[in-house]
Amino acid sequence: MPVVAVINRKGGSGKSTLATHLAAWCARNERKVMLGDVDRQQSALSWLRRRAVQPLAQGAEIAGWALDGRSVLRPPAGVNHVVLDTPGGLGGPDLARLVMQADAILMPLCDSVFDRESAAECHAELMTLPRVASGRCKVGLVGMRLDARTKAEQTLQAWATAHGLRWVAGVRATQGYVRCIEQGLTIFDLPAARNEADLAQWQPVTDWLQAAWADAARAELESRVNAKPTAVGVSGRFADGSQPSKPAAPRPAPPPLEAPPVRATLQGAPPRGLAGRLGWLLNAFRSN
């Protein structure tokens with residue numbers, strides 16, 4: 001199940017705009033996608049409620065999923081792709097738990113010194129996490145609300161390159177995004193002939209995401225293949241010459257127990273913190 005998390009510690013960086021557009025792109029490409037909202041403001045869920053009554057969004061449904069401090073909701077059935085909208089200030093154990101379930105991370109970035117400093121600190125913490133440091137979870141930057149009349153995109157791209165960050169693309173600031181979000185829509189839901197320039201800016205983002213998901217799938221397959229035990233030859237020895245250990249005597253089977261309901265199995269003892277709960281639920285969802 002491919003998972004992309006939209007992460008930036010700084011508020012107002014365009015996380016919800018990026019997350020909703022990624023979810024809509026998945027839905028428009030016949031993927032059963034879930035938009036997970038970990039932010040306490042629940043901006044993504046508010047957008048989904050507006051989307052539910054939009055005729056232009058018909059045929060591109062997006063499942064919603066939210067967590068708060070009082071309840072834990074099961075992931076919807078049939079989902080095969082996940083987009084996570086995360087809160088500002090995410091770090092420490094919550095960030096580590098969430099990254100353990102992500103295959104790709106996209107970091108929205110506006111053109112200001114405050115955004116650049118925040119992004120650099122967040123990226124530095126991400127690089128300390130094994131999944132990111134090993135390359136199993138890719139991290140990319142997307143410029144948001146960039147003024148096309150200035151050199152904002154070139155400035156951010158040069159800054160990213162100088163700091164060893166992967167620049168993906170820049171998205172210009174237009175009133176079209178404001179109107180879309182207010183109506184529960186995205187650029188992907190509008191007629192393509194009216195948005196050719198904007199859709200072209202999203203192409204590098206979706207191309208990068210598909211490549212990151214493909215790399216994660218190959219890495220997962222390789223890890224499963226490598227985890228399989230070496231086959232025993234005709235001589236009764238492994239390929240390295242060692243002999244397999246004798247199996248232990250079978251123990252008597254315990255009496256059958258009534259299987260607990262799925263919801264009880266999922267609830268157990270989730271970790272504290274919204275992002276921690278989300279990572280815990282994703283792990284349970286993957287294992288089912």
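Observations
- Sparse-neighbour loop sites [trypsin sites (Lys or Arg not before Pro); segment 84-155; at most 11 other C-beta within 10 Å; DSSP]: Arg149
- Residue list for segment 1-36, given a label point 7 angstrom along the Cα-to-Cβ vector of Ala217 and an amide N cut-off under 12 Å: 1-3
- Within segment 42-188, percent of DSSP bridges classed antiparallel, to nearest 5: 0
- Stretching the chain fully between Gln54 and Gln183 yields a gain of 45.7 nm (0.36 nm per residue, less the alpha carbon separation).
- Segment 114-182: C-alpha gyration tensor shape, a/c 1.5 cut-off, then a/b vs b/c: prolate
- Gyration tensor verdict on segment 1-152 (Cα atoms; rounded if a/c is under 1.5, prolate if a/b is larger than b/c, oblate otherwise): oblate
- Using the Karplus relation 6.51 cos²θ - 1.76 cosθ + 1.60 with θ = phi - 60°, the per-residue 3J(HN,Hα) values for segment 23-29 come to 5, 5, 4, 4, 5, 5, 9 Hz, with x marking Gly and Pro.
A short reminder: the numbers here are calculations on the coordinates, not readings from a lab. Because the structure is predicted, anything quoted here is derived from the model rather than measured. Cβ atoms come from the backbone with ideal geometry, glycine included; neighbour counts cover every protein chain shown.
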